[in-house]
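The values are calculated or read from the model by the stated rules, or taken from the named source; none is laboratory data. Every value quoted in this text rests on a predicted model; they were computed, and no experiment measured them. Positions of Cβ are generated from backbone atoms using ideal geometry, with glycine treated the same way; all protein chains shown enter the neighbour counts.
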Amino acid sequence: MANLKIDSVELRLVRMQLIAPFETSFGVERDRDCLILKIDSEGAMGWGECVAVRNPGYSYETTETAWHILTEFFIPEILSKRLQSVEDLRNRLRIFKGHPLARAGLELAIWDLLGVTSGRSLQDLLGGVVPQVPVGVSVGIQEDADTLVKVVGKYVVQGYRRVKLKIKPGRDVHEVRAVREAFPDLPLQVDANAAYDLEDIDIFKALDEFQLLLIEQPLAEDDLVDHSSLQAQLQTPICLDESILSVRHTRQALQIDACRVVNIKQARIGGLQEALAVHDLCHAASIPVWCGGMLETGIGRAANLALASLPGFQLPGDISATDRYYNVDIAVPRFHLNADSTIDVPTGLGLGVSVDLDALERFTLRKALLSK
Ligand code: OSB
Ligand code: MG
């Protein structure tokens, strides 16, 4: 049993320049904001990342709502308290509703602390089994189909063996066809980020012809029922991202065949513990899962790699090398793509990465130290 006294929590609003703008159906990100948390516990420290961004485009949460929820509610609930486990933290936060991204950021710092203080890697704590995980790259919406084909080609040359294309209404069938014609054998999938509705069935019927691995989150995040109707009309598996916020949602989605693949993001699911439960449920039901990404810094990416090393992760994750995202990252060492389109899972204590404090300070827009 661990015994972590929570002495203080430092919260930072951080802004990092992306190497290239990332466009999805809900907007363009040029630089990425997030919150970085550091928990101090009797001389040990744990790092976490809350992946909320400036706008409520992917999720209703933003950096400002997460700041509010963390500083006013979640962190005061644990300051100067003793925590024996992640379950202890979850129990303390159970009185609060929602805000999974804020919740997951705080939980991640506790996982890191648990690893550091018990001499174990996060992979070990989670039950990960493989030393490298297969990864792909998520490609944003581009100027036009020709540019998209070029950008995909660049990633293929770099060694990515699975590509995800972001789509939105008006930028879908034509683009996917162009990429499929240029790369007939490339494992390919698309992500709509909830931009369509059932009336768009003809678009999905057309996408159904391109041997896609999956179609991610085609319809609204709060609509499992329409996803089930859509799945019944398609050969291509539907994969849910935004719709799956808990193990209960997962069970219900599978019950009504609203999806046949699940994207697991520990952040969206409210933390690694709940993500493990979603993994276990899907693994037992032989539903393939894969690890999604949120353009994380090296802190969040380290967590994703550890999670993706569990046995149920049977499809490549949206976990790309550091140089797909940032020229300068706040965590070191950087993550590199291996020749077989995998990335090594960190083996050091906790997250297994170090934070570059100078870089962190340079990227910090605001910070607060909470203690009792
Ligand atoms: O829907 O999967 C998504 C990035 C930000 C927000 C939502 C999503 C994404 C990605 C990028 O697809 C995945 C990554 O490389 O981190
Ligand atoms: Mg997605």
Test result for VAL328, assigned to a loop (DSSP other than H, G, I, E, B) and among the aliphatic types (A, V, I, L, M): yes
Residues satisfying the stated conditions in region 161-182, i.e. of a type in the set (A, V, I, L, M) and within 15 Å of ligand 1 (Cβ to nearest atom): VAL163, LEU165, ILE167
Tabulated pairs, region 50-74, first in contact (Cβ under 8 Å) with a residue 12 or more places away in the chain and acidic (Asp, Glu), second within 12 Å of ligand 1 (Cβ to nearest atom) and not in a loop (DSSP other than H, G, I, E, B), C-beta under 7 angstrom, 6+ apart or interchain: GLU61/LEU101
Check on GLY57, assigned by TED's automatic domain parsing to the domain that holds LEU106 and on the phi > 0 side of the Ramachandran plot: no
Positions within region 208-227 being away from ligand 2 (no atom under 13 Å from the Cβ) and closer than 22 Å to SER59 by Cα, in sequence order: ALA220, ASP222, ASP223, LEU224, VAL225, ASP226, HIS227
Hits in region 337-368 - residues which are on the phi > 0 side of the Ramachandran plot and either touching a Cys at 6+ places or on another chain (Cβ under 9 Å) or assigned to a strand (DSSP E or B) (or both): GLY350
Odd one out for LYS154, checked against (1) loosely packed, with under 14 Cβ neighbours inside 10 Å; (2) touching a His at 6+ places or on another chain (Cβ under 7 Å): (2)
Conditions (1) under 26 Å from HIS283 (Cα atoms); (2) crowded, with 21+ Cβ neighbours inside 10 Å; number of the one not met by ASP222: (2)
Of residues in region 126-144 being out of contact with any Lys or Arg (no Cβ under 8 Å at 6 or more places or on another chain) and free of Cβ contacts under 8 Å to residues at least 40 places away in the same chain, the one farthest from ARG90 (Cα to Cα): ASP144
Test: VAL152 is in a helix (DSSP H, G or I) and of a type outside the set (S, T, N, Q): yes
Restricting region 259-269 to residues that are more than 13 Å from ASN304 (Cα to Cα) and crowded, with 24+ Cβ neighbours inside 10 Å, the residue that is farthest from ligand 1 (Cβ to nearest atom): CYS259
Meets criteria (surrounded by fewer than 20 Cβ atoms within 10 Å (Cβ to Cβ), closer than 22 Å to THR236 by Cα and out of contact with any helix residue (DSSP H, G or I) (no Cβ under 8 Å at 6 or more places or on another chain)) for GLU143: no
Cβ-Cβ under 6 Å pairs, at least 6 apart or on other chains, region 231-251 side over 30 Å from ARG94 (Cβ atoms), far side within 15 Å of ligand 2 (Cβ to nearest atom): GLN231/ILE238; THR236/LEU212; THR236/ILE215; PRO237/LEU214; PRO237/VAL261; ILE238/ILE215; ILE238/HIS227; ILE238/CYS259
